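The values are calculated or read from the model by the stated rules, or taken from the named source; none is laboratory data. If you're wondering where the values come from, they're calculated on a predicted model, not measured in any experiment. Cβ sites come from the backbone with ideal geometry, for glycine too, and all protein chains shown count toward neighbours.
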C-alpha cells in the first residue's frame with residue numbers, strides 16, 4: 001500500500017509539471033554574414049506593428065505593443081555610423097519620431113549599439129532586453145539583430161516567469177555584416193501580458209568594438225523571400241535543473257516499483 005502511494009505522488013508531480021506548460025514559445029533564427037538586405041514594413045500589407053530603434057528615441061514606429069526602449073545594464077552608443085547591409089523602409093510610422101511617418105534607414109545612422117567592451121568609451125552590456133505587451137493570446141514577433149564579435153544566450157519570459165531559455169543562440173567573429181532574424185511564435189498568453197526577450201551572458205569574442213545591435217522588431221510580419229530562403233534553425237530550449245530533477249525522480253520511482261514488484 002505504501003508503495004502505491006509513493007508511486008501516485010511521483011506521477012502527480014509529473015502531471016503538475018506538464019499542466020504548467022499551457023504557454024508555449026517556438027523560436028527560430030536565420031542569419032547571414034552579408035546582411036539581410038531591405039526590410040520593408042507596410043502596415044495593412046505585411047505587418048501589424050513595427051519598431052525601429054534609435055538613440056535616444058524611436059527612429060520610427062507604428063503601434064503601442066513594442067517598447068521603444070531596449071533595457072539592460074549598459075549604455076547605448078550614439079552615432080555608431082551608417083549601416084547599409086540590413087536596412088529598413090516603412091510607411092505609416094508615427095509622427096514625432098526621428099524617422100517620421102515614412103522613410104528609410106538606408107545610409108542613415110539610427111545610432112543604436114549595445115557595446116560589449118569599453119572600446120566605445122561606454123559601459124559594456126552583459127544583457128539586453130526587448131519588451132512586448134501581448135496584443136493577443138497568440139502572436140508572432142520578429143526582431144532583427146546585428147552581431148559583431150559577440151555571443152549570447154536568450155531567455156523568453158511572460159510576466160517575469162521564464163517560458164524558455166536557449167544557450168549559444170548567436171555568435172559572430174570576423175564579419176562586420178553578420179545579422180540575425182529571430183522569429184518567435186508565442187501562444188497561450190493573456191492579452192496585456194508583458195513578454196520579455198533577453199539576450200544574456202553576452203560575451204566579447206575578441207574585439208575592442210564587440211557589440212550587438214537590436215535594430216528593429218515587428219508583430220505579424222510577413223518575411224521577404226530573401227530571408228525565408230535562408231536556412232532556418234529552430235532553437236532547442238535548455239533543460240531547467242528542476243525539470244531534469246523531476247525526470248530523475250520519476251525514473252527512480254519507476255525503478256523502485258519494478259524492483260519491488
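Observations, loosely collected:
- When residues of the stretch 19-45 are limited to those that are out of contact with any strand residue (DSSP E or B) (no Cβ under 7 Å at 6 or more places or on another chain) and part of a loop (DSSP other than H, G, I, E, B), the one nearest to residue 95 (Cα to Cα): 42
- Unmet criterion (only one of (1) free of Cβ contacts under 8 Å to residues at least 40 places away in the same chain; (2) buried (at least 20 other Cβ atoms within 10 Å of the Cβ)) for residue 171: (2)
- Residues that are surrounded by fewer than 23 Cβ atoms within 10 Å (Cβ to Cβ), touching a residue at least 24 places away in the same chain (Cβ under 8 Å) and in a strand (DSSP E or B) do not occur anywhere in the stretch 105-125.
- For the stretch 221-236, the tally of residues that are surrounded by fewer than 16 Cβ atoms within 10 Å (Cβ to Cβ) and either touching a helix residue (DSSP H, G or I) at 6+ places or on another chain (Cβ under 7 Å) or not in a loop (DSSP other than H, G, I, E, B) (or both) stands at 5.
- Matching residues in the stretch 58-71 - criterion: being part of a strand (DSSP E or B) and either touching a helix residue (DSSP H, G or I) at 6+ places or on another chain (Cβ under 6 Å) or buried (at least 22 other Cβ atoms within 10 Å of the Cβ) (or both): 60, 61, 62, 66
- Condition met for residue 193 (touching a residue at least 60 places away in the same chain (Cβ under 8 Å) and surrounded by fewer than 21 Cβ atoms within 10 Å (Cβ to Cβ)): yes
- Within the set 157, 152, the sole residue that is in contact with a strand residue (DSSP E or B) (Cβ under 7 Å, 6 or more places away or on another chain), surrounded by 22 or more Cβ atoms within 10 Å (Cβ to Cβ) and in a strand (DSSP E or B) turns out to be 152.
- Test for residue 83: is it buried (at least 19 other Cβ atoms within 10 Å of the Cβ), modelled with pLDDT under 95 and over 27 Å from residue 187 (Cβ atoms): yes
- Sole exception among (1) surrounded by fewer than 22 Cβ atoms within 10 Å (Cβ to Cβ); (2) within 20 Å of the chain's Cα centre (by Cα); (3) in contact (Cβ under 8 Å) with a residue 24 or more places away in the chain for residue 88, by number: (1)
Each row is one residue, and each column tells you yes or no for (1) at pLDDT below 95; (2) surrounded by fewer than 17 Cβ atoms within 10 Å (Cβ to Cβ); (3) over 25 Å from residue 216 (Cβ atoms).
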| position | (1), (2), (3) |
| --- | --- |
| 7 | yes, yes, yes |
| 27 | no, no, no |
| 35 | no, no, no |
| 56 | yes, yes, no |
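- Which numbered condition residue 43 fails, given (1) within 20 Å of the chain's Cα centre (by Cα); (2) surrounded by fewer than 22 Cβ atoms within 10 Å (Cβ to Cβ); (3) closer than 25 Å to residue 193 by Cα: (1)
- Hits in the stretch 180-206 (condition: assigned to a loop (DSSP other than H, G, I, E, B) and either in contact with a strand residue (DSSP E or B) (Cβ under 7 Å, 6 or more places away or on another chain) or under 14 Å from residue 70 (Cα atoms) (or both)): 188, 189, 192, 193, 205
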